[in-house]
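The values are calculated or read from the model by the stated rules, or taken from the named source; none is laboratory data. Model, not experiment: these values are computed from the prediction. Cβ coordinates were reconstructed from backbone atoms using ideal geometry, including for glycine residues, and neighbour counts include every protein chain displayed. Side chains included, ligands, DNA and RNA excluded: accessible areas come from the protein's heavy atoms. Shrake-Rupley method; radii C 1.70, N 1.55, O 1.52, S 1.80 Å.
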Amino acid sequence: MRRLHRLLAIAFIALLSAWVQAQPAPLILVSIDGFRPDYLERGVTPVLSRLARDGVLASQGMRPSFPSLTFPNHYTLVTGLTPDHHGVVNNTMTDEKIPDVLFTLGNRAALADRRWWDGATPIWVSAEQQGLKSATMFWPGSDVDIQGVRPSDWRAYDHNFPADARVDQVLEWMDRPLATRPDFVTLYFEAVDTAGHRYGPQGAQTTAAVASVDKALGRLIQGLATRGLLPQANLVILSDHGMASLSPQRVVLLDEMLDTASVRRFIPYGPLIGLTPLAGKEAQVKQSLAQPHEHVQCWPKAELPARFDYGRNARVPPFICLAEIEWSLATRESMARNPPGGGSHGFDPDDPQMAALFIAHGPAFVRGAALESFSNVDVYPLLARLLGIRPQPHQGRLETFMPVLTRVP
Ligand code: AMP
Ligand code: ZN
Ligand code: ZN
């Protein structure tokens, strides 16, 4: 009888250890919105600089997808698809199949409608479907029932939720017993982007925001270390795009390019606008936009440069105009109301000022390795590999990371 007990105990321990081994190391994906890789050189990022030194750094940054805006790129990072393919083609968009709705960051009801997101499967949905647990401390789309699935834990987006409280929520999740601890966690900070827009990439307040997010990350690292989790956890810390200065002296007036009464549904100012001609005005708009314009380039959606991989999606408006780096498109009316200043993004993703941050740290990564520039669609197959899940069809290349992975699971 005693022997049987012993055998049962051994079998139980063997089963338990096999299960523990099958559970991947926790993966924490952190996004610092609008963080330009050169912010690391300002002397205010001891935590990030140390993580980069002890892990992997994309020294020239990571190339965002077109357009270099927040929602399209956050969805690219978790799907491995460019915005044209995943369907979140802009922060502001319309869809004839979802009539009379303008998807914008201010329209909570539209943001929560899964039809805008269902064109792709984010990694937390695949993780849940394949038996892992995910928990999201904000990420665009993570509070939506995409494909009918939400992360095991998620929070409704709240701009005012303090950075330290976000970190504490992640640590609280990590305190759970193994069986209920999340395998995949996201953590999002907007402060650097917000300051970058208001004060520009060179603004002292932007540097202060960089320092404050670095401090919050210090709290995360300290919290992981005291729990003994720092050697186990894999951290991928990145941004969605960079930031460039704007000025009221560098403006192209749309009123001088075309008859603004001939178009509708355009975001009237900024680095990038989409135009839809009114019925009967198509030829006139096309002709006006085909003229050369200084500091701006316009294309019919079918003729965008191939490197943008953009324009086939029905949600992309018929014409796209893109300003030269640091220039803005505006109307006389928008100039009077809200002249450009501070900073913005949305410019050509190949411009160095639009490059995004990428740092990876943890047992899966070689210490002190550097990566050449790569496209942000590559992040998705990396995340899938770290989690040990089957990826959905995607446009990324896992090969990008092969030289910096310690063991290829
Ligand atoms: P952008 O206009 O491209 O600079 O977008 C950045 C803004 O997106 C941030 O300032 C946030 O207010 C907003 N944002 C980020 N994540 C979310 C989210 N999950 N839900 C709603 N808004 C968000
Ligand atoms: Zn952003
Ligand atoms: Zn922004």
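Here is how the numbers come out for the structure above:
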{"quantity": "Count of the range 33-49 residues which are in a loop (DSSP other than H, G, I, E, B) and more than 16 Å from ligand 3 (Cβ to nearest atom)", "calculated": "3"}
{"quantity": "Whichever residue in the range 235-261 is closer than 23 Å to GLY346 by Cβ and assigned to a helix (DSSP H, G or I) and, among such residues, is nearest to ligand 3 (Cβ to nearest atom)", "calculated": "LEU254"}
{"quantity": "Lone qualifier among LEU278, LEU253, LEU258, LEU289 - being among the hydrophobic types (A, V, I, L, M, F, W, C) and either within 14 Å of LEU322 (Cβ to Cβ) or in contact with a Pro (Cβ under 6 Å, 6 or more places away or on another chain) (or both)", "calculated": "LEU289"}
{"quantity": "Extreme residue, nearest to PHE71 (Cα to Cα), among residues of the range 89-101 that are in contact with a strand residue (DSSP E or B) (Cβ under 8 Å, 6 or more places away or on another chain) and open to solvent by 30 Å² or more (accessible area, probe 1.4 Å)", "calculated": "THR92"}
{"quantity": "Residue among VAL192, VAL170, VAL210 that alone is closer than 19 Å to ASP143 by Cβ, at pLDDT 95 or above and open to solvent by less than 30 Å² (accessible area, probe 1.4 Å)", "calculated": "VAL170"}
{"quantity": "Yes/no for LEU238 being assigned by TED's automatic domain parsing to the domain that holds VAL377, closer than 21 Å to ALA356 by Cα and within 16 Å of ligand 1 (Cβ to nearest atom)", "calculated": "yes"}
{"quantity": "Filtered residue count, the range 108-157, keeping only those that are assigned to a loop (DSSP other than H, G, I, E, B), within 21 Å of LEU27 (Cβ to Cβ) and charged (D, E, K, R)", "calculated": "4"}
{"quantity": "Selection within the range 241-285 - out of contact with any strand residue (DSSP E or B) (no Cβ under 6 Å at 6 or more places or on another chain), hydroxyl-bearing (Ser, Thr, Tyr) and under 18 Å from MET354 (Cα atoms)", "calculated": "SER247"}
{"quantity": "PRO151 vs. criteria away from ligand 3 (no atom under 16 Å from the Cβ) and modelled with pLDDT of 95 or more", "calculated": "yes"}
{"quantity": "Any hit, the range 325-343, residues being surrounded by fewer than 22 Cβ atoms within 10 Å (Cβ to Cβ), of a type in the set (D, E, K, R), more than 16 Å from ligand 3 (Cβ to nearest atom) and part of a loop (DSSP other than H, G, I, E, B)", "calculated": "no"}
{"quantity": "Close pairs from the range 153-171: first among the aliphatic types (A, V, I, L, M), partner part of a loop (DSSP other than H, G, I, E, B), Cβ under 7 Å, at least 6 apart", "calculated": "ALA156/ASP143"}
{"quantity": "Failed criterion for MET62 (all others in (1) in contact (Cβ under 8 Å) with a residue 12 or more places away in the chain; (2) more than 16 Å from ligand 3 (Cβ to nearest atom); (3) open to solvent by 10 Å² or more (accessible area, probe 1.4 Å) hold)", "calculated": "(3)"}
{"quantity": "In the range 65-81, residue most open to solvent (accessible area, probe 1.4 Å) [restricted to those that are within 16 Å of ligand 2 (Cβ to nearest atom) and in a loop (DSSP other than H, G, I, E, B)]", "calculated": "LEU69"}
{"quantity": "Residues being under 13 Å from ALA58 (Cβ atoms) and open to solvent by less than 30 Å² (accessible area, probe 1.4 Å) - total across the range 362-379", "calculated": "7"}
{"quantity": "Unmet criterion (only one of (1) away from ligand 3 (no atom under 16 Å from the Cβ); (2) at pLDDT 95 or above; (3) part of a helix (DSSP H, G or I)) for ALA11", "calculated": "(2)"}
{"quantity": "Residue within the range 211-234 that is in contact (Cβ under 8 Å) with a residue 12 or more places away in the chain, within 16 Å of ligand 2 (Cβ to nearest atom), in the same structural domain as PHE35 (by TED's automatic domain parsing) and not in a strand (DSSP E or B) present", "calculated": "yes"}
